[in-house]
Amino acid sequence: MVNKFIAHKTMSCVNNAPRRSKYILIPCLFAIFSLFTIFLPYPALAATATQVIFSENSREIWIDGTRDELPEKPYLSGDYIMVPLRPLAEKLGGQVQWEPGPPETIKVSLGNRQAIIYPGSKIVFYLEGEQPGAEILPAEIQKVGQLVFAPAIMFYRVFNIPYARWPEGKAYLLGSTNRPPTAYFEVSQPAYAGQPLHYTVKPQDPEGDPIVEERWIGRQEVFPEEGLYTVTLQVKDSRGSWSKPFSRTIKVLSAPVTLQPGDLWPKEKISPTFTYKPIKKHTGPILLFSDSPEYIERPGILYRDEIEGEARLYFWHAIQSPLTFRIYVLAVNPGQREVELTIEKEGYSGPSNNVYQVAKEALIQYFNATQSRTLRLKPGEALILNKITPPAVRHQVVHGIMDVYATGKLQILFIALPTTTDVLKEYNKLPYLLADGIHTRGTFGPSDIEIELVLTGQETGSLILADGQEDEFLPGKGSAPSLTGNYGAFYKLKLLPIRDTEVFLVPVSGYFGGIVVLEGNIIEVPRKGFVETPEQAIFLGKLKANRPAELYFIPPGGSCLPVKLVFKPSL
C-alpha cells in the first residue's frame, strides 16, 4: 500500500539502491558496529505522531490535524524534498543526538531501528536488533546553518515510516499515506441572537473513507448576542487522518422584533395597487438547460451543445428506473489545442424525493460559492465537471447548477448512466435520448436579467417575474423554444427605496420553495418546507429609506412560476 503512493523516482530508489549498497558496505558495517553500543535508548511510543503533513517552501506542518511550525522550510534537492531532521524525527517519536567530529556524527533512534548519519554523506548505517545494515540515500545529508536536513524519503528507507507525495494537496505525508479528508459546513442564514442555528456538515474524503469524528471550536447552537463569531470544524476519517481546520465567520444579527426573513405573512392577503414595469437588461452567459427527459428510464445523453466563453450549466432530473444512476456533466475538447475551463460558481443537491429541499440546497451552495477551480482539457480529452455525482434510485431527484468560462470551444454533455458504467469510457457510445415532450431542454439566453427599480414609497407595488408576458421567457437558440419558467435565469435587482419598505415574495400559484438573496443574506423561502397556498406572501426583509439594496433570485426547480415581488411601504 505504501509503495503505490511514492513518486516514480522515489520508487526506483526504494527498490534498487538498497540491493546494490548492502554488499559494498558490509565491511564498513562491522567497522562501525561498536558505535551502536553507546546508542540512544528507544523513544517512548507516547510521543509518536500518526501523520505529519508538510510542504515545500513552507514552515507550516500539520501533526494529526494540529498546526505546528518547522524551524526552517523544506526545500528540493534535485527531485527530492529535504526536511529538518531533528524536528521531524522527534515528532514521529524518535530521538536525535549530535556528536562533534571529526567526523560529525548524528545518531537517530526511531521505531525499532537506530541509525548513524554523517553530514555531507549519502550513506546511513543502521542497526535493527543486533543486525547491522546500510542505506544509500538519493541525496546527501546537508547542513544549512545550524540545522541538518535529510531527504524525507530517508524515514521510509531507513526506518520503514510510510511516506508519500500528495500532489492534490501540494504536500508530503509521513507516518501514514492516507490522504486526509476535507472539512466543510454551512450555517443557515440569516442568524439571529437567541435563536437556534442549523449546521449542515458536508465533509469529503478523497479515498471515500467514512468520517468518524468531528472536532468543533466555537460552535454554539444559539448565540446569545449579536456580533461576529468564528466557528471551526475538523473531521477525522476511519483511518485516523485529520483534516485541516475549516472556519466560517457567522454574522449574528440582533433578534428581530417582528417577522424573520422567510416567515409566512400571518395577516390578510397583500393586494398591490400597481405594477412596476422597469426596463430590463439581458446580459451574462448562455444557459445550457437539461430537464428532458425529466424522468430517466435508460442510459444515454440527456442534452448536448457547444460552449465558448461564459456559460451556465443546469440540470434537473429524476430517476424512473430500477437501476441506480448517476448524472454527469462532461466537457469534451474537440479542437486541436488545449482549452482551460474555469468553474466559477457551482451548487449541487440530491438525491432526494423532496424537490423543494433539493432546489434550496443547490442554490444555497451556488450563492455561497467563493472559490473557483480550473480544469485543462487537452485535444480530444473528456473530463467530468460536476464535483459530486451521487448515486440516485427510483423517484429521487438530482440537481446541479454551474457557471463556467471556457477559453476555447468545448462540447458539453449531460449524461445519465448506471453506477456500474465508466462514463469516460462509454460516453461516445451512448444514444441521444428523445425529449419527453413535456419538459424543456435546450440552450437559452443571455441568462442574467438586470433590473433597476426605484420604489416610489407611497403605495404597495409589485413586480412579476417569469410569467412569459410582463417578464418574457428566455429565448431559445436555434429551434429550441423559449424557456418556460425561466429556471436557471439569474435575476439581479438594484433597489432604491424612497421610504422604509417591506419586501415580500408571493408565489402566484403556490407550490413553491426556493432561495432569495437580499442585501447579502441568503433566505430560504419559506424558512421551513414549501408554500402550498396560492398568493401566500413570504416576508423577505425590510429596506431602509434611501439606502440602495440588491436582490438576487433564480427560479428554483420543482416550483411553480411565476412569482411576484411585492414592495410595501412601512407605516
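The values are calculated or read from the model by the stated rules, or taken from the named source; none is laboratory data. As the structure is a computational prediction, the values presented were derived from the model and not from experiment. Note that we place each Cβ from the backbone using ideal geometry, even for glycine, and neighbour counts take in every protein chain shown.
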Note to self: Condition check: under 30 Å from Leu518 (Cβ atoms) and in contact (Cβ under 8 Å) with a residue 40 or more places away in the chain. Does Tyr366 satisfy that?
What the structure shows: yes
Item checked: Filter result for Ser290 (of a type in the set (Gly, Ala, Ser) and over 30 Å from Pro181 (Cα atoms)) -> yes
Next item on the list: For region 346-360, name all the residues that are free of Cβ contacts under 8 Å to residues at least 60 places away in the same chain and either buried (at least 18 other Cβ atoms within 10 Å of the Cβ) or more than 22 Å from Trp316 (Cβ to Cβ) (or both).
Entry: Glu346, Gly347, Tyr348, Ser349, Gly350, Pro351
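So, Ile415, is that one in the same structural domain as Gln371 (by TED's automatic domain parsing) and assigned to a loop (DSSP other than H, G, I, E, B) or not?
On the way: in the same structural domain as Gln371 (by TED's automatic domain parsing): yes; assigned to a loop (DSSP other than H, G, I, E, B): no.
So Ile415 fails the test.
Among the listed residues Gly208, Gly262, identify the single one that is over 25 Å from Pro390 (Cβ atoms) and either assigned to a strand (DSSP E or B) or not polar (S, T, N, Q) (or both). Spell out the reasoning first.
Working: Gly208 fails: over 25 Å from Pro390 (Cβ atoms).
The unique qualifying residue is Gly262.
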Item checked: Among the candidates Leu465, Leu434, Leu455, residue that is of a type outside the set (Val, Ile, Thr) and closer than 22 Å to Val355 by Cβ -> Leu465
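Among the residues that make up region 92-113, is at least one of them more than 32 Å from the chain's Cα centre (by Cα) and part of a helix (DSSP H, G or I)?
Here is the first cut: in region 92-113, the ones more than 32 Å from the chain's Cα centre (by Cα) are 93-113.
Of the ones still in play, those that are also part of a helix (DSSP H, G or I) are none.
Within region 92-113 (the criterion being more than 32 Å from the chain's Cα centre (by Cα) and part of a helix (DSSP H, G or I)), the answer is no, since none of the residues qualifies.
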Note to self: So Ser121 ticks every box in (1) surrounded by fewer than 20 Cβ atoms within 10 Å (Cβ to Cβ); (2) part of a strand (DSSP E or B) but one. Which box is left unticked?
What the structure shows: (2)
Margin query: Checking the structure you have, find out if any residue of region 260-275 is at pLDDT 95 or above, out of contact with any Lys or Arg (no Cβ under 8 Å at 6 or more places or on another chain) and buried (at least 17 other Cβ atoms within 10 Å of the Cβ).
Written below: no
Next item on the list: Check whether at least one residue in region 302-317 is touching a residue at least 24 places away in the same chain (Cβ under 8 Å) and part of a loop (DSSP other than H, G, I, E, B), and report yes or no.
Entry: no
Next item on the list: Within region 280-301, count every residue that is of a type outside the set (Gly, Ala, Ser) and either in contact with a His (Cβ under 6 Å, 6 or more places away or on another chain) or outside any strand (DSSP E or B) (or both).
Entry: 8
Note to self: Just to check your reading of the model, which residue among Leu127, Leu137 is over 23 Å from Ala171 (Cβ atoms) and aliphatic (A, V, I, L, M)?
What the structure shows: Leu127
Checklist line | Scope region 535-571; condition more than 27 Å from Ser447 (Cβ to Cβ) and touching a Gly at 6+ places or on another chain (Cβ under 8 Å); matching residues | finding: Glu535, Gln536, Phe539, Ala545, Pro569
Next item on the list: State yes or no: is Leu341 of a type outside the set (Asp, Glu) and buried (at least 21 other Cβ atoms within 10 Å of the Cβ)?
Entry: yes
Notebook entry, point to check: Of the numbered conditions (1) modelled with pLDDT under 50; (2) under 20 Å from Arg179 (Cα atoms), Phe36 satisfies every one except a single condition; which is it?
Noted result: (2)
